[in-house]
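A short write-up of the structure that comes next.
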Amino acid sequence: MTRRSTAVLAMATVMLAPAAAHADGFFLYEASPRAMSEGGAVVALGEEPATVLYNPAGMTRLRGFQAQLNVYTYFATNSYTSPDGKRTSADMGIFPIPAEFVTYQPIDKVTVGAGGYSIYGLSLVWPDRWDGYHLVKKASLRSYQAQPSVAVGPFAGLSFGAGIDIIYGSVELSRGLGLGSGAWGTTTIGGSTMGYGANFGILYEPLEALRIGLTYRTGPTMSLDPGKATFDVPPDFDQQLKGQDVRVSLNLPGIAILGARVDVSKNLQLEGDACLLQWHTYKELRFEFDDPALNSTEAKHWKDAWEFRIGGQYTMDRLALRAGFVYDQTPIPDETLDPTLPDNDRLIPSIGAGYQFSTAFRADLGYHLVYLMPREVDASVNKFPGKYNALVNTVVVGATIKL
């Protein structure tokens with residue numbers, strides 16, 4: 001029984017490692033309808049308050065006071081097919097998430113800003129007693145992030161920005177416990193944590209029609225200290241499965257993004273970005289329990305992953321039409337793939353539009369489809385072989401004011 005409870009705590013700790021990209025399943029990069037509809041290729045944009053998130057150096061291009069409120073909603077479906085062809089679907093998840101950004105330029109060449117948003121999140125619920133019930137029943141991660149930022153410039157076309165990431169996260173994971181002779185129980189682990197990081201950005205405009213953006217976001221250290229495990233089991237097992245604390249820390253990967261935006265004409269902008277997620281640091285997880293006999297180490301062996309993004313906007317008077325595409329690699333090897341985070345490379349097309357009602361008010365709408373390429377693992381490399389499929393539909397609406 002102690003080995004079962006150790007595995008549960010280990011999986012919950014993975015939930016506290018919110019992967020920093022679509023490829024890793026947890027990172028929500030859709031905090032702006034314009035950014036999402038252009039495939040997230042906005043590191044060199046600098047035309048809306050959400051640049052606080054995407055590249056703080058872009059704030060130097062925003063005059064006066066500007067504020068932006070967005071709401072993005074996910075509709076997620078996941079399924080698993082066993083080697084004998086039995087298909088199991090997780091409950092559809094629907095998740096509305098707000099995001100707010102403000103910027104202010106008090107004096108020439110100095111701009112301050114702040115953002116409040118949730119970029120780490122997951123909710124996945126599988127049926128009772130499904131084939132992977134012993135691995136996961138419910139996996140849930142909630143977070144909220146605040147980011148104060150400052151930018152200076154431009155100086156000979158160069159602007160610089162930086163911000164602080166302050167992240168609050170909570171996690172809950174439940175799974176079934178096979179107790180023998182057909183008896184089952186459940187265990188749930190929950191906890192909360194704070195993480196801190198920093199982000200830096202550069203925006204260079206060598207020509208009026210060309211902008212180059214570069215950002216780096218450090219990986220915050222997330223610690224479950226402590227998490228609580230509880231057990232719901234028949235009375236005969238009460239003494240064997242008692243709740244206890246677990247502690248674990250890990251450093252999340254750094255994220256580097258480089259991109260260029262070109263004004264092809266007066267009405268057409270195009271951008272391409274490349275994003276590197278430094279997941280090679282995620283080699284293992286180490287766990288410390290109240291009972292030292294349960295201390296353990298779990299191998300992960302994740303690898304660096306790339307995202308390639310393209311997008312653009314075409315304007316017609318007050319109307320702007322947008323489209324984009326993302327190719328997103330997974331960092332998870334076959335050996336450590338499981339239904340807590342069923343992941344693979346992703347293809348993500350997107351579209352959207354914006355309307356400038358006046359010089360002071362704009363409304364935006366964006367949509368993208370995340371197509372998880374089918375992934376099958378076999379028993380020679382994975383203890384839970386099978387095939388995974390997933391789709392995520394995301395809709396984002398937002399409004400921006402300028403004063």
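The values are calculated or read from the model by the stated rules, or taken from the named source; none is laboratory data. As the structure is a prediction and not an experimental result, all values here were calculated from the model. Heads up, the Cβs are rebuilt from the backbone with ideal geometry, glycines too, and the neighbour counts pull from every protein chain shown.
Restricting the stretch 350-361 to residues that are surrounded by 13 or more Cβ atoms within 10 Å (Cβ to Cβ) and without any contact (Cβ under 8 Å) to a residue 40 or more places away in the chain leaves a set whose member that is nearest to A139 (Cα to Cα) is Y355.
Counting the residues of the stretch 96-124 that are over 26 Å from N70 (Cβ atoms) and either surrounded by 16 or more Cβ atoms within 10 Å (Cβ to Cβ) or in contact with a strand residue (DSSP E or B) (Cβ under 8 Å, 6 or more places away or on another chain) (or both) gives 1.
Would it be correct to say that Q278 is out of contact with any strand residue (DSSP E or B) (no Cβ under 8 Å at 6 or more places or on another chain) and without any contact (Cβ under 8 Å) to a residue 60 or more places away in the chain? No; evaluated as a whole, the condition is false for this residue. Note on the stretch 75-95: among residues that are of a type in the set (V, I, T) and either under 27 Å from P33 (Cα atoms) or without any contact (Cβ under 8 Å) to a residue 40 or more places away in the chain (or both), the one that is surrounded by the most Cβ atoms within 10 Å (Cβ to Cβ) is T77. Count of the stretch 165-187 residues, restricted to those that are out of contact with any Phe, Trp or Tyr (no Cβ under 8 Å at 6 or more places or on another chain) and either surrounded by 17 or more Cβ atoms within 10 Å (Cβ to Cβ) or under 30 Å from P220 (Cβ atoms) (or both), is 5. Pick out the one residue from D343, D378 that is touching a Gly at 6+ places or on another chain (Cβ under 7 Å) and either under 25 Å from S32 (Cα atoms) or exposed (fewer than 15 other Cβ atoms within 10 Å of the Cβ) (or both). The conditions single out D343.
Residue-by-condition table, conditions (1) closer than 30 Å to R318 by Cα; (2) surrounded by fewer than 17 Cβ atoms within 10 Å (Cβ to Cβ); (3) under 28 Å from the mean Cα position of the chain (by Cα):
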{"site": "T230", "(1), (2), (3)": "no, yes, yes"}
{"site": "D236", "(1), (2), (3)": "no, yes, no"}
{"site": "Q240", "(1), (2), (3)": "no, yes, no"}
{"site": "V264", "(1), (2), (3)": "yes, yes, no"}
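The single residue among G58, G113, G85 that is more than 17 Å from the chain's Cα centre (by Cα) and either among the basic types (K, R) or at positive phi (or both) turns out to be G85. The set of residues in the stretch 184-215 that are small (G, A, S), closer than 29 Å to K242 by Cα and more than 24 Å from the chain's Cα centre (by Cα) contains only G185. Here G161 meets each of (1) farther than 30 Å from R63 by Cα; (2) buried (at least 17 other Cβ atoms within 10 Å of the Cβ) with one exception, condition (1).
Among strands (runs of 3 or more DSSP E) entirely within the stretch 141-235, having at least 1 residues that are within 22 Å of T340 (Cα to Cα) and of a type in the set (A, V, I, L, M) singles out 158-180, 183-207, 221-232. Answer yes or no as to whether D328 is within 26 Å of L270 (Cα to Cα), in contact with a His (Cβ under 9 Å, 6 or more places away or on another chain) and of a type in the set (D, E, K, R). Judged against the criteria, D328 is a match.
Pairing residues of the stretch 287-314 that are closer than 15 Å to D343 by Cα and among the aliphatic types (A, V, I, L, M) with residues that are modelled with pLDDT under 95 and not in a strand (DSSP E or B), at Cβ distances under 8 Å and at least 6 apart in sequence or on separate chains, gives A305/A21; A305/A23; A305/D24; A305/W279; A305/Q329; A305/T330; A305/P331. Taken over the stretch 113-140, the criterion of being polar (S, T, N, Q) and not in a loop (DSSP other than H, G, I, E, B) is satisfied by S123, S140.
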